[in-house]
Amino acid sequence: MKICLARVDERLIHGQVAVAWARITGSDQLIVVSDEAAQDEMQKILLEMATPAGVKLLILPVKEAASKLKSRDLPGNNVILVFKKPEDVLYLVKEGVQIPVLNIGGMYFKPNRTQFKKALFLSEADIETLKELSSLGVKLEYQVSPMNDKEDVLMIIKS
Amino acid sequence: MWFGVITIIGIIAVTHGRVGSSLIEAAEMILGPQPNLAAIDFAGHEGLPQLHNKMISVIQSMENTEGIIVLTDLLGGSPYNVANLISRNNPSVYVVYGVNLPMVLEVLLSRMNSPIQELINKAISHGKNGIGSVAPANLLKKEVNKTYNHAEV
C-alpha cells in the first residue's frame, strides 16, 4: 500500500479528485478520512457515486483511519487519502502516521476565513493547524489540479 | 543531443452559442490550465465564411501539434459543416460531433499518450459512457469498499 496523494479537499470526491488526480496518479483506492462523512449515509452514497469506475472507495472515521494507517491494514496499492479538514491530518500525524507531503486543494469560503488563493480560504485556527503540520515535517503544497503549479502554503500564508 | 519538440494534439471546441467556451472553462476548472486548447463560439448572426476564417486562424495558431481534433456539438450543424469542409482539405484535422464534458476531459487526459485515431475512439466512448442515470433503488447500496460498477444501473 502506497499513499500516492494526501489531500485536503472540502468537496472530498469531485471532478478534480475523481477525474484528474485519480487518473494522473493511477490510483486504485480512494480513502476518505472524515468522521462527518463516515456517519452520514447520504454523503456515503454520494461519495460512492462520484468514485470513478475501477477505483475502490473506503470511508473511515479519523481514529480508525489512524490505527489502520499505522498498521498498514488497508486495501489498495496506490492510495489517495482525502480529508475534509487539516485538523484531521494533524491528528493522524500526531498519532504517528507518516504523511510527508500534504496537498491542499480545496478550502472554501466560511465567514471567519480570509481568502489567500482561489481555493484557499483560511481562518486563524486553520493557519495555526497548518503551521503545526509544517513544524512536524509535513510539506504543505497548494495545488488544485495536477496541471496547476504547486505552491508552498507556508509562503502563501506568510505573505 | 536530441533537439526534439514535444507535439501536443490540438483540441478546438466549436459550437452554437457559448457551449464550447463553457466546456473548456469547466474542463480547466477540473484539470487546470491546458495547452493547445481553444474554443470558438458560433453566434447565430455570423456568416459561415467568418466562421471558416476563424477556425482556420485558430488551427494555424496552434503550435507543435501533430494533428487537431475539432469537437463540435451537432452533426449537420454549421460548426460541424464548416469543420468538416476544412477537414476534407486538411488531413491532420479531425472532426467529432456530440461534444460533452466527459468527452473533453478524456481527450485532455489521454492526448499525450494516444495516437490521434485512438484518441478519437476514446473520446467517443467516454462521451457516450458519461451519460446515464442512477435508479433510486440502487442508491441504497450499503456495501463498503466495493468497486462501484457504473454499468450496473
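Annotations for the structure displayed:
- Number of positions in the stretch A:22-56 that are under 20 Å from A:Val138 (Cβ atoms), open to solvent by 20 Å² or more (accessible area, probe 1.4 Å) and touching an Asp or Glu at 6+ places or on another chain (Cβ under 9 Å): 0
- Subset of the stretch A:71-86 that is surrounded by fewer than 18 Cβ atoms within 10 Å (Cβ to Cβ) and either among the hydrophobic types (A, V, I, L, M, F, W, C) or facing chain B (nearest Cβ under 10 Å) (or both) - its residue that is farthest from A:Asp126 (Cα to Cα): A:Pro75
- Looking at the stretch A:1-54, the helices (runs of 4 or more DSSP H) lying wholly inside it that each contain 1 or more residues that are of a type in the set (Val, Ile, Thr) sit at A:22-25, A:41-50.
- Index of the failed condition, A:Lys68 passing every other in (1) more than 14 Å from chain B (Cβ to nearest Cβ); (2) assigned to a helix (DSSP H, G or I); (3) closer than 16 Å to A:Met1 by Cβ; (4) of a type outside the set (Gly, Ala, Ser): (1)
- Of the residues making up the stretch A:103-152, those that are open to solvent by 60 Å² or more (accessible area, probe 1.4 Å) and part of a loop (DSSP other than H, G, I, E, B) number 9.
- Candidate set: the stretch A:1-41, residues that are away from chain B (no Cβ under 13 Å) and aliphatic (A, V, I, L, M); chosen: the one nearest to A:Ser71 (Cα to Cα): A:Met1
- Lone qualifier among B:Thr72, B:Thr65 - being of a type in the set (Val, Ile, Thr), at pLDDT below 95 and farther than 30 Å from A:Pro75 by Cα: B:Thr65
- Members of the stretch A:42-62 found to be facing another protein chain (nearest Cβ under 8 Å), without any contact (Cβ under 8 Å) to a residue 24 or more places away in the chain and either hydroxyl-bearing (Ser, Thr, Tyr) or out of contact with any strand residue (DSSP E or B) (no Cβ under 7 Å at 6 or more places or on another chain) (or both), listed by number: A:Ile45, A:Met49, A:Ala53
The values are calculated or read from the model by the stated rules, or taken from the named source; none is laboratory data. Everything numeric here is computed off the predicted structure, so don't read it as measured data. Cβ sites come from the backbone with ideal geometry, for glycine too, and all protein chains shown count toward neighbours. Side chains included, ligands, DNA and RNA excluded: accessible areas come from the protein's heavy atoms. Shrake-Rupley method; radii C 1.70, N 1.55, O 1.52, S 1.80 Å.
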